[in-house]
Amino acid sequence: MQQGDTISAIATAPGAGGIGVIRISGEHAIDVADAVFRAANGKRLAEVPSRQVIYGHAVDAEGRTVDEILAIVMRSPHSYTCEDVVELQAHGSSVALRKILRLTWQAGARQAERGEFTKRAFLNGRLDVSQAQAVMDIIEARTERSLQMAEGHLSGHFSAQIQAMQDAIMDMTAHIEAVIDFPEDGVEEVVTDEIGAKVQELRTGIARMLQTAHTGRILRDGLMTAIIGKPNVGKSSLLNALLREERAIVTDIPGTTRDSIEEYAEVGGVPLRIIDTAGIRETDDVVEQMGVERARGYVARAALVLALFDGSRPLTAEDEEILGLLHGKDAILLLNKSDLPAVTTAAELAERAGGMEVLPVAVASGAGLDALAKAIHDRAWAGETEGTEGGFVNSEMQAETLRQADAQLAAVQGTLDAGLGLDCASIDLRAAWEKLGELTGNTVREDLIDTIFSRFCIGK
């Protein structure tokens, strides 16, 4: 990939739609667009003011019309990539869009790679690494709060926290160098105490950020949630209720759900990746046996388990097996059919489950589902304050980088406590500064940059 190349790609999602956009970026973007665009007013795009919409047609090399389109010119540096950019807005026909795209290649552009437009925005200083990652998070956001978190990262709230830490480290480093260059009696001891206190303050800030990682990853990726229970206990009905649509077949026949059904839903403002599993029971049906084994596997991997039990019947051996699967799991027990005379009570089930949370529900009528939504919300937010999503740690990569920076700061404290001198401490301070820089991009490695942008779609 050559940074100086002019690139082009379809920037809208595949499939038919009202419009489709082809994005062109690079030094020769306007020339490339001029080769395929004929303005109705006869002007060339090179003559058009920046950010003005021009009506015309896309034409092939023989001058034949391909589609009726609009062109928008955005000159450097006032564009997404900080390069010259032209966007051609055509009808959302995949055939027409692909043909126009090929014409841009014939005119001198090349196919953009995954995330190359955003990568150029990063390399040209318009976005840092955290902001660039937030672009894809906005595209993939599944709930309003996950969107708020992504928008906060894109706006620079997360980066601002990291930059403040880096600035504090640079101030400490400069102070240490001044003391080393101009030593005075008793000054080094005072500075050592000051550096120790400031390092501890930074470590406290990192610890506070790491506490948001649990909620941040849930908002970004969704909480993997398995629905389990014996046959006919209401699992598929619960899935339908959470999705607010008839996604799963509901019958009185045991074993209706033989395979797992996976869907995304927003419950209590939390994105859930919900898996409705086969009813756990002994069966001679080979296909159903496979579904039951798969259900046990999902329970083992799930971050949250919703376990259903029938409150209108006594607990069975199958229920006891399900309770056994929940040891060590974050689970909410749902005592279904609470609108019928109780045979198994919530207190009895909680005692058998070792004190796990039990919520009485009636899935068929929706009773108790608001309490379930609140319980899921409380688990996901884990004490974090709503409205501060923009500063959350939202990936394991960010969390691990913060942990490594904290380890370098801990080494600074160890050096100071051992009396090894400020010059030794400055080495670890510099290492902590560089590690934090990986989160914003001012010290990031090229291979890490490639990894980040490889998850983007072509056209973004």
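Tabulated values for the structure
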item: Which numbered condition THR204 misses (of (1) touching a Ser or Thr at 6+ places or on another chain (Cβ under 8 Å); (2) at pLDDT 90 or above; (3) surrounded by fewer than 18 Cβ atoms within 10 Å (Cβ to Cβ)); result: (1)
item: Members of region 90-106 found to be assigned to a loop (DSSP other than H, G, I, E, B) and crowded, with 24+ Cβ neighbours inside 10 Å, listed by number; result: none
item: Residue in region 309-323 that is within 31 Å of the chain's Cα centre (by Cα) and touching a residue at least 24 places away in the same chain (Cβ under 8 Å) present; result: no
item: Matching residues in region 372-415 - criterion: being open to solvent by 50 Å² or more (accessible area, probe 1.4 Å) and touching a strand residue (DSSP E or B) at 6+ places or on another chain (Cβ under 9 Å); result: ARG379
item: Residue ranges of helices (runs of 4 or more DSSP H) in region 107-161 with at least 1 members closer than 25 Å to THR443 by Cα and open to solvent by 70 Å² or more (accessible area, probe 1.4 Å); result: 116-123, 144-154
item: Any pair with Cβ under 6 angstrom, 6 or more apart, that starts in region 114-125 at a residue that is touching a residue at least 60 places away in the same chain (Cβ under 8 Å) and within 12 Å of SER454 (Cα to Cα) and ends at one that is open to solvent by less than 20 Å² (accessible area, probe 1.4 Å) and in a helix (DSSP H, G or I); result: GLY115/PHE453; THR118/ALA132; THR118/VAL135; LYS119/PHE453
item: Filter result (farther than 21 Å from ILE376 by Cα and in a helix (DSSP H, G or I)) within region 296-313; result: ARG296, GLY297
item: Tabulated pairs, region 390-408, first closer than 17 Å to ALA380 by Cα and in a helix (DSSP H, G or I), second open to solvent by 10 Å² or more (accessible area, probe 1.4 Å) and not aliphatic (A, V, I, L, M), C-beta under 6 angstrom, 6+ apart or interchain; result: GLY390/HIS157; GLY391/HIS157; GLY391/GLN161
item: Test set (1) buried (at least 20 other Cβ atoms within 10 Å of the Cβ); (2) under 21 Å from GLU201 (Cβ atoms); (3) not basic (Lys, Arg) - PHE453 fails condition number; result: (2)
item: Within region 324-371, considering residues that are under 27 Å from the mean Cα position of the chain (by Cα) and either over 17 Å from ALA302 (Cα atoms) or hydroxyl-bearing (Ser, Thr, Tyr) (or both), the one most open to solvent (accessible area, probe 1.4 Å); result: ASP370
item: Boolean, LEU219 is open to solvent by less than 10 Å² (accessible area, probe 1.4 Å), of a type outside the set (Lys, Arg) and either under 27 Å from ASP167 (Cβ atoms) or part of a helix (DSSP H, G or I) (or both); result: yes
item: Residue count for region 48-61, restricted to those that are exposed (fewer than 13 other Cβ atoms within 10 Å of the Cβ), over 19 Å from GLU83 (Cβ atoms) and at pLDDT 90 or above; result: 2
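The values are calculated or read from the model by the stated rules, or taken from the named source; none is laboratory data. No experiment lies behind these values; they were computed from the predicted model shown. Reconstructed Cβ throughout: ideal geometry from the backbone, glycine too, with neighbour counts over all protein chains shown. Areas reflect the complete protein model, heavy atoms only, side chains present, ligands, DNA and RNA absent. Shrake-Rupley method; radii C 1.70, N 1.55, O 1.52, S 1.80 Å.
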